[in-house]
Structures are given as C-alpha cells and as structure tokens.
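Accompanying notes for the structure given below.
The values are calculated or read from the model by the stated rules, or taken from the named source; none is laboratory data. Because the structure is a prediction, the values reported are computed rather than measured. Cβ coordinates were reconstructed from backbone atoms using ideal geometry, including for glycine residues, and neighbour counts include every protein chain displayed.
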Number of protein chains: 2
Amino acid sequence: MFSENNAKKGVTFPKGFKAAGIKAGIKKSGNPDLAIIYTEQEAAVAGTFTQNAVAAAPVLVSRQVIQGGKVHAVVANAGCANACTGAQGLQDAKEMADCTAAALDCKPNEVIVGSTGVIGVLLPMDKLRAGIKKAAAELTEHGSVDAGNAIITTDTYSKACATEVEIGGKKVRFGAIAKGSGMIQPNMATMLCFITTDAAIDAKLMQEALSDIVGLTFNMISIDGDMSTNDMAVVMANGAAGNAKITTKDKDYDVFYATLKSICTGLAQRIASDGEGATKFLTIHVTGTKSFADAKTVAMSIAKSPLVKTAFFGEDPNWGRVICAVGYAGVPMTPEKTVVKFGGIPVYANGVGAKFDGDKLHDVMAEHDILIEVEMGLGEAEATVWSCDFSYEYVKINGEYHT
Amino acid sequence: MFSENNAKKGVTFPKGFKAAGIKAGIKKSGNPDLAIIYTEQEAAVAGTFTQNAVAAAPVLVSRQVIQGGKVHAVVANAGCANACTGAQGLQDAKEMADCTAAALDCKPNEVIVGSTGVIGVLLPMDKLRAGIKKAAAELTEHGSVDAGNAIITTDTYSKACATEVEIGGKKVRFGAIAKGSGMIQPNMATMLCFITTDAAIDAKLMQEALSDIVGLTFNMISIDGDMSTNDMAVVMANGAAGNAKITTKDKDYDVFYATLKSICTGLAQRIASDGEGATKFLTIHVTGTKSFADAKTVAMSIAKSPLVKTAFFGEDPNWGRVICAVGYAGVPMTPEKTVVKFGGIPVYANGVGAKFDGDKLHDVMAEHDILIEVEMGLGEAEATVWSCDFSYEYVKINGEYHT
C-alpha cells in the first residue's frame, strides 16, 4: 500500500501542505532539529496526547489548540523536550507558537507545538526564534523528508508514509511523519506523529476516529515500558481534495477511518521495529480472553518483560519466560487451556512444553520479525501488541545518553 | 546485628536444626544443587508463595504442607524449576517429599519442597532420589553454608544470616538462607528463603507475622519486574529454645516480629543488591502519598523503568527519567509539589530541575548504594522499594541463559 516514492512525499503528499526541516542548533550533533508543516488553507485538527501526569509544556499548549478545532501549522523541535521546565517552559512553548504564527501570518492558537529530547532543560529560545524564521522561509511541497529528519532523536531513521484513496468520488491523499525510539510505551510516548490529509472532514468526527485508532495502534506498542512526557499524534485535514465534507459515520467515513488506521498501524509497527538497540521486531498476538483489556494486559506483560526481551535478543526459544509473564499478568488464566506459539510453532500446550522440531524453531528465532501467539482459551476477545528485544545496544544508548 | 560468623551458621544457628548441601548432578556446572534442612523436634511452619497463576509443582505441594502447620524438613534443588511440567512434575515434587520423609523417618506432608532453575524441564528423578539419600546422610549442625550454596542459580553469592534475641527470658535464635537474582519481583519471585528459629510460637500467629512482613520486605524488591513461578519464603519454629509458647500479640510476639522483619529486610536488600548483572543497589523511598499502595506503586514504577535503571548504570543523574516514571505511575501526583532527591541532594522541585552542586552529585552517582527519595506532598503514607541497575551483564546473562 505504501510505495517508497509516496513515503518520501510524506506530509506534503496531500494537496496544499508544505514542510521544511532545518538546523537550528538545538541538537549537540548539529543535525536538523526544527520542522514546520504548513497549510495555507485552514485545516480541521484532531490530536491525542501523553497521559503522563508530568506533561511537557508543548503538550499543554497543543491540547489547547486542539480545542479550537482548526490549525494552519505544526512547529516541532528535537534535542530538547521542554518538559519539567515550569512557567518559563510554558512561556517558551507559547512563544514557539507566536513566532511561527508571525512568520506564517496565522494566529498562535492555530499552531500545534511539539518537542522531543532531553527532559529538564530550557529551550535555547534565540536559536528557536531564528530557526523558525528560517524554516518558514524554506517551506516547500517537497519538504517532508527534511521535516521528518528534523524531529528524530535516537531513531535510526525517520518514519514516513503516504497514500491515496477515493472518498466520495474524489482522490484524497494522506501523508505522515513520525518519530519514536526510546521512552516508548505510548499512551502516548516520546512519540511525535503528524498526519496530513486533504480530505474534508468534521473536526470532532476526526477526533473520535483518531482517539479510537490510537488505542488500537500507537497505544499497543511497547519498547521499554516508559511513557514519555511529550507524546502527541495530530491529524490535520485541509479539505483541498474537494470531497463532500464527512460529517457522519457513512461510507466515506469508513474509508477515511480505514485509511487512517492503516497509516497509524504501519507507523506504530515501524516505531516498535526501530526501538532503541532493537535487533528483533516482535508481534504479540493474544486471543481467547474475555475482553480486549485482558488480552492487551497479557500482551503488554510479555512485551515489557526484560527476561522475554533478552531471550529473544539471544534467539533463545525460552517459552518458560513467556508463560511466566502470562501467569503474572493478573488476568484470568488457566495453564492447561493456554497455548503459546512462536512463528506458528506450538511451544507450550496442556500445561507443559510442547514437542517441536528444534531446527524449525531455530529458524523462527533467527528471523528479524517474530510472531508470538498466546491462545488463552477463555473467550472471544483478542489484542495485538508490537514490541522489540533488549540488546547490549539498548543499555549502551541509555547508559550513555547523558543529561 | 548480623555478625559474619553467625551468618555462616545460618539455618543451623537455632538449636535442633541440621542442614546439608550436596552435588546431585542436576546443574550442568556440576556445582552443589540439592539441600536439606532438618529438625528432629517438630516445627511450627508458615509460608508465603508466588502469586503467579503458573505456579510450579513444588509450590503446589508446599502450599498443602503449610496447611498442616507443622514440618520436620525442607528439601530444595537448584538447576531445574520443575515448573510447567504438568502431572509428571507434580508427581515428581511429591516424590521428592516422599524420599526425604523416608530418609528422615517423618511424614511426606511434613516436608517442604522447593525448586529453582530452568522452567519446563522435568526433574532428573534418578539423580534426585540418590541425592536426597546422600544429603540426608550428611546432615550436620554446620551444614548451612553448603545448603545455601546448593540453592543458588545466577546469584553471585549465597545470602545467609543468623541472630540471637531474648524472648520471655530465654535466648532465642533465628537463622536463614535465601537465593534470588533474576526473575525477581517477588510477590514472591525466583526467590527461595528458608528461615529457622528455635522459638516456640503458634503456627497461625507466625503465618500472620510472615505474611505481613513479606509484604513489607520481599515483595518490595524488584530486579527485572518478572514474577517467578517458584517463589517461596518459609519459616520453621521448633521451640527448642524453651520460651513460653507465643500465642498472642504480646511483648514476646513483638520481639519475634521485629527480629523476623529485620532478617527479611536484610535478605531482601541483599537479593536486590545481588540482582543479575547489578552494579548499583538502589533504595527508592517514596513519602507523602495518601496510601502505602500509592507510595509502593510510585516506587515500583521507578524501580521497573529500564530508562532509570540504565541511567544509574551509566552513573547519569538523569532525574527527568525518574520524574517521568513518577508521572506515569497512575497515582495522584502534582508536579509542583513533588521533590526528587538523589543521595539527599534535591534534583527536582517546584516543577523544574533544582540547582545542585555537580561535583557532589557526581560523587553520589559513583557510589554503589544510592538513595532515591521522592516526596509527593499529598499525604502521610510512605513505602521503600529496593532495586538495582540494568547493565550489559544483565543482557548477557539473560540472552545467554539458554533453555
């Protein structure tokens, strides 16, 4: 569905969107660190944010913007999270919106502000002010790759995608850029995700769709179990495609919803796969519980277990650690009814280890992408969580990422 | 309180207890792997066990024994957990009790059975049967060190302690051996703890004391957040000290309770300090919450955060990760009222990073033992959790501990 060419077009694939990513001097590395996404045509907006009680200043500002229901721009920086920065931090986040609005001739409350990076450090506002002017001047319809690169931190690559569908007889485009690598257990995480579309849709309806979809996608990934102070996922819809505005849950809404879900699923998987130090991409599929919540709890218990994560790093089919994590998840579980499979091969059933072909299982463990299935046998609900392994590199990255 | 000499006497320090630890051939390494602790005089018994829904066979057997309220022996092996081993595993655990009872001339339901090691593998019963006979023949009043060494797995050393107090005018002794290193977040964990005392005390009263104390000690440590299938803490009191039997919560009970708590606290701290690959021992003290449960939740959220654990491994005073873990703990929290201290030095207050002497903080981070204090400012409750850092060695141990 997502061609590589379109992926590069990212947030500027939909009509009417421009983007830029520049070096403002915030990152010590000197890499790009400031991005703007802009639509001259007013866009309906929806957003979801971190549930961490210690929410960063940009989250506080952007939550307010979402209340207004419409935006013209996103400004986001990497290298400094502007979290735990008190009144000064809040003022700085507001000034980021002010500067962006001045440069783009829109209102400050029509600008989403995002930040990611080190916690507890104030933004270098001189650099931000100059950088915002520069980025605003460099906005182009080909700026998505630059914008994507300007919001990453420990990511090994920028996540992006783009796609075109038909809604109400019109070609409608979607594009997105996202980042997230450590402190990732969204609800949301050190995840920034900006999605653009030229669809016309009511802002409240879009918010309903986004909130629902985020619960099934970004909130279903876990890299290290840490929930960041800065997460946000924002969708902007400027209506430039010319489709009849979507205002109810009709056929057009269904296409919009399915497309948005597909985009969020793809990005969530890529964020998990690019987890800090990750060498494996783990899909954990739990079925047969009485509720989605139970299935998610079991899947997250497995995804967050350091013992499971290090076993997969070692390519060790240590199902004992998986069944142990199922056992302490705290939801109803009957060992004798539970089946665990790695790559489709049963490794645990009837309360004991299953007999399996060691060579075949060895091949499964050597793959980069590994499917862990847990059948609980107690109901009809299910859930899928995406995660990664725990490597020496994870310890290195996080033992050496000094404040 | 715990002299080194007494510590070596361990479970054989109290009158009437003998112990042995021998090589039964269960561990691939050839190290000692089978222990027996014995008291000819019948002992009142209390025990707490894993809450994991996938409880190992020895846990199922020993839970039954505790119901009877009296025992003569403990038999425990390392190298094989006898967990996820189905009906055969249960039969094997029962046979361990049978063999031990036969060798010691007591009843099978007076023998506690413990196992720790790899999950999902059946016990080599031929070796167990021979080993139990050998260990029973080698029981001595100096066997505690051998018994302690026979129950360890990835521990770098065996934990033991012993102490003497006065109860009702009589000298009363306590001793203990314990193991636990990985899959440690007791509730209980891959933790085995056997405590002996020559005190005379009612079994139900001792159970009440133990259950209470375990909630404040062993259940307050977290190494990797994984709760094992095999944990148990057992106390045996044979009354050989000759004190008037403790049957109510009087002054004598208070001394018994305080001594048992002191023993469990010391062992819990040593287990956390000897966590797999640990280079730091972290004491996390949370105060000012509305309930003990809230304080424990916040402390555990910090203790379990891989980002916090790797930061301390890197000796990085990254308070942002600590306050982030407080923020997502899911209990009431007001950033502006919260204070975080490392080694007594405030690093976060009034919603922002505190100004601190960098050199002094550097010295704190370089220590092996580090105190993390979080003052929530919302109530009078508090809790202390003991934990450790996350190192390359942790990944190595658990990526290479193959099934």
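In this structure, is A:T247 modelled with pLDDT of 95 or more, among the polar types (S, T, N, Q) and outside the structural domain of A:V339 (by TED's automatic domain parsing)?
The answer is yes for A:T247.
Are any residues in the range A:308-323 in contact with a helix residue (DSSP H, G or I) (Cβ under 7 Å, 6 or more places away or on another chain) and of a type in the set (K, R), and if so, which ones?
Selection gives A:R321 alone.
Residue by residue through the range B:14-49, note down the ones that are of a type in the set (F, W, Y) and within 19 Å of the chain's Cα centre (by Cα).
B:F49
Which residue out of B:C80, B:C84 is within 19 Å of the chain's Cα centre (by Cα), of a type outside the set (V, I, T) and modelled with pLDDT under 95?
B:C80
Given the conditions (1) surrounded by 22 or more Cβ atoms within 10 Å (Cβ to Cβ); (2) in contact with an Asp or Glu (Cβ under 6 Å, 6 or more places away or on another chain), report the number of the one that B:P108 does not fulfil.
B:P108 satisfies all of (1) surrounded by 22 or more Cβ atoms within 10 Å (Cβ to Cβ); (2) in contact with an Asp or Glu (Cβ under 6 Å, 6 or more places away or on another chain) except (1).
Tell me which residues, restricted to the range A:358-376, are assigned to a strand (DSSP E or B) and charged (D, E, K, R).
Residues satisfying the conditions are A:D369, A:E373, A:E375.
Under 8 Å between Cβ atoms, which residue pairs at least 6 apart in sequence (or on different chains) link something in the range B:51-75 that is on the phi > 0 side of the Ramachandran plot with a partner that is part of a helix (DSSP H, G or I)?
From residues that are on the phi > 0 side of the Ramachandran plot, the pairs are B:G69/B:A203; B:G69/B:K204.
Residues A:G25, A:G21, A:G86: which one is surrounded by fewer than 24 Cβ atoms within 10 Å (Cβ to Cβ), touching a Gly at 6+ places or on another chain (Cβ under 8 Å) and in contact (Cβ under 8 Å) with a residue 12 or more places away in the chain?
Unique residue meeting the criteria: A:G25.
I'd like the full set of residues that are in contact with a helix residue (DSSP H, G or I) (Cβ under 7 Å, 6 or more places away or on another chain) and part of a loop (DSSP other than H, G, I, E, B), limited to the range B:255-295.
B:E276, B:G277, B:T279, B:K280
Among the residues of the range A:285-295, is any more than 14 Å from chain B (Cβ to nearest Cβ), of a type in the set (V, I, T) and within 19 Å of the chain's Cα centre (by Cα)?
No.
For the range B:313-323, name all the residues that are part of a loop (DSSP other than H, G, I, E, B) and at the interface with chain A (Cβ under 7 Å from one of its Cβ atoms).
Matches in the range B:313-323: B:G314, B:D316, B:P317, B:N318.
Sort through A:S158, A:S115 and tell me the only one that's within 14 Å of another protein chain (Cβ to nearest Cβ), out of contact with any Phe, Trp or Tyr (no Cβ under 8 Å at 6 or more places or on another chain), small (G, A, S) and closer than 26 Å to A:A46 by Cα.
A:S115
Checking B:T289 against (1) closer than 27 Å to B:E393 by Cα; (2) surrounded by 24 or more Cβ atoms within 10 Å (Cβ to Cβ); (3) among the polar types (S, T, N, Q), which single condition isn't satisfied?
For B:T289, the failing item is (1).
Only one of these conditions is not met by A:E40: (1) of a type in the set (D, E, K, R); (2) modelled with pLDDT of 95 or more; (3) surrounded by fewer than 21 Cβ atoms within 10 Å (Cβ to Cβ); (4) over 26 Å from A:F174 (Cα atoms). Which number is it?
Of (1) of a type in the set (D, E, K, R); (2) modelled with pLDDT of 95 or more; (3) surrounded by fewer than 21 Cβ atoms within 10 Å (Cβ to Cβ); (4) over 26 Å from A:F174 (Cα atoms), only one is false for A:E40: (4).
For A:A272, all conditions in the list (1) touching a Ser or Thr at 6+ places or on another chain (Cβ under 6 Å); (2) within 12 Å of chain B (Cβ to nearest Cβ); (3) within 27 Å of B:D389 (Cβ to Cβ) hold save one; what is the number of the exception?
So A:A272 meets the others, but not (2).
For the range A:233-260, give me the residue count where each residue is without any contact (Cβ under 8 Å) to a residue 12 or more places away in the chain and either buried (at least 22 other Cβ atoms within 10 Å of the Cβ) or small (G, A, S) (or both).
Number of matching residues: 1.
Of all residues in the range A:366-377, count the ones that are buried (at least 18 other Cβ atoms within 10 Å of the Cβ) and either more than 30 Å from the chain's Cα centre (by Cα) or among the aliphatic types (A, V, I, L, M) (or both).
Counting residues in the range A:366-377 that are buried (at least 18 other Cβ atoms within 10 Å of the Cβ) and either more than 30 Å from the chain's Cα centre (by Cα) or among the aliphatic types (A, V, I, L, M) (or both) gives 4.
Give me the residue from the range B:296-308 that is polar (S, T, N, Q) and either in a helix (DSSP H, G or I) or touching a residue at least 60 places away in the same chain (Cβ under 8 Å) (or both) and, out of that set, nearest to B:Y392 (Cα to Cα).
Within the range B:296-308, the match that is nearest to B:Y392 (Cα to Cα) is B:S301.
Yes or no, residue by residue, for (1) within 9 Å of chain A (Cβ to nearest Cβ); (2) closer than 15 Å to B:A295 by Cβ; (3) of a type in the set (F, W, Y); (4) assigned to a loop (DSSP other than H, G, I, E, B):
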{"residue": "B:A311", "(1), (2), (3), (4)": "yes, no, no, no"}
{"residue": "B:A325", "(1), (2), (3), (4)": "yes, yes, no, no"}
{"residue": "B:P332", "(1), (2), (3), (4)": "yes, yes, no, yes"}
{"residue": "B:V340", "(1), (2), (3), (4)": "no, yes, no, no"}
{"residue": "B:P346", "(1), (2), (3), (4)": "no, no, no, no"}
{"residue": "B:F356", "(1), (2), (3), (4)": "no, no, yes, yes"}
{"residue": "B:L378", "(1), (2), (3), (4)": "no, yes, no, yes"}
{"residue": "B:V395", "(1), (2), (3), (4)": "yes, no, no, no"}
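Within the range B:57-93, can you find the residues that are facing another protein chain (nearest Cβ under 10 Å), among the aliphatic types (A, V, I, L, M) and closer than 20 Å to A:G330 by Cα?
Selection gives B:A83 alone.
Kindly indicate whether B:G168 is more than 14 Å from chain A (Cβ to nearest Cβ) and modelled with pLDDT of 95 or more.
So B:G168 fails the test.
Could you list, in sequence order, the residues of the range A:225-269 that are away from every other protein chain (no Cβ under 14 Å), within 30 Å of B:L307 (Cβ to Cβ) and polar (S, T, N, Q)?
Of everything in the range A:225-269, those that are away from every other protein chain (no Cβ under 14 Å), within 30 Å of B:L307 (Cβ to Cβ) and polar (S, T, N, Q) turn out to be A:T265, A:Q269.
Of all the residues that make up the range B:54-77, how many are more than 23 Å from B:T153 (Cα to Cα) and assigned to a loop (DSSP other than H, G, I, E, B)?
Selection size over the range B:54-77: 1.
Could you tell me whether the range A:369-376 includes any residue that is within 14 Å of another protein chain (Cβ to nearest Cβ), in contact (Cβ under 8 Å) with a residue 24 or more places away in the chain and more than 26 Å from B:E276 (Cα to Cα)?
yes
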